[in-house]
Structures are given as C-alpha cells and as structure tokens.
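Peer 1: Structure below; questions to follow.
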Amino acid sequence: RSSMTRATNYTSAPLQRLLQLIDLLAGHELLGLEPGAIAKALDCAAPVTTRDLDNLRTAGWAELHPNGKTWRLTPHVVEISLKHASALRAGRQDLNDIEQRYGRI
C-alpha cells in the first residue's frame, strides 16, 4: 500500500450525465430535442434518458415541448443566470463603495 493518501472520488456517473444533458439541451429552447437524439448524443439507453428527463422536469429544469415530442430547458436556467449577474453587480457596488470610502488605490 502506498504511503500517499488516496483521494476519494465523489464523482457520480448519473449526476455527470444529468449535467451533460443540461449542456446538450442548452441552445435548443425553441424546438427542443427528441429523446432518441438525446440518448444517442449521451450514449445511453432510451429508458435512462426518460428517467433523466423526468428528474430534470421534477426539478423544474426541463419540460416537454408543447409539440409533445421534444424536450427543452425551462426558463429556470435563465433565472439562475440573472441571479448570478445580480450578485456580480452587488459585489461591484460593494467594491465601489469601499473605494469611495478609503480612496482609490
């Protein structure tokens, strides 16, 4: 046994696949993607894709397109982006306030 401590690998294949699915759906908000195309792109079986899409639906991240055939991301992803941008603006304002209080460095 090696004297070096082995780092624990906490990576989860199913969670990694969900993240890949989110990345895959990004940019297809108008027409969505068919489950078969998703399964092929992620190199997984159709039932796995169905389960993953349902998990994203339950979490509010994906939805079945009104055409009933394709899936797309929900506006939830955009809401996260807006929260991120708001936090950056607030941080920028805090820095500006500090600079004004203490003078420019």
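The values are calculated or read from the model by the stated rules, or taken from the named source; none is laboratory data. These numbers come from a predicted model, not from an experiment. In this analysis, Cβ positions are derived from the backbone assuming ideal geometry, glycine residues included, and neighbour counts consider all displayed protein chains. All accessible areas refer to the heavy atoms of the entire protein, side chains included, with ligands and DNA or RNA removed. Shrake-Rupley method; radii C 1.70, N 1.55, O 1.52, S 1.80 Å.
Peer 1: What are the radius of gyration and Dmax of the chain, computed over its Cα atoms and given in Å?
Peer 2: 20.7, 61
Peer 1: Within the accessible area of the chain, what % is carbon and sulfur when the probe is 1.4 Å and the other protein chains stay in place? Could the numbers behind the result be given before it?
Peer 2: Details: 4730 of 8320 Å².
It is 57 percent, rounded to a whole number.
Peer 1: Over the chain, with the other protein chains present, what is the accessible area per residue in square angstrom, probe 1.4 angstrom?
Peer 2: 79
Peer 1: A further question follows. Using the charge dipole of the chain (Lys, Arg: +1 at Cβ; Asp, Glu: -1 at Cβ; taken about the Cα centre), state which of 93, 48, 37 has its Cα farthest towards the positive end.
Peer 2: 93
Peer 1: Next question. Ignoring ligands and nucleic acids, what accessible area does residue 98 show with a 1.4 Å probe (Å², nearest 10)?
Peer 2: Per-residue accessible area (residue 98): approximately 90 Å².
Peer 1: Dipole size in debye (nearest 20) for the chain around its Cα centre, Lys and Arg Cβ +1, Asp and Glu Cβ -1? Could you put the intermediate results ahead of the total?
Peer 2: Numbers: 13 positive and 11 negative charges, 73 e Å.
With only Lys, Arg, Asp and Glu charged at Cβ, the dipole is about 340 debye.
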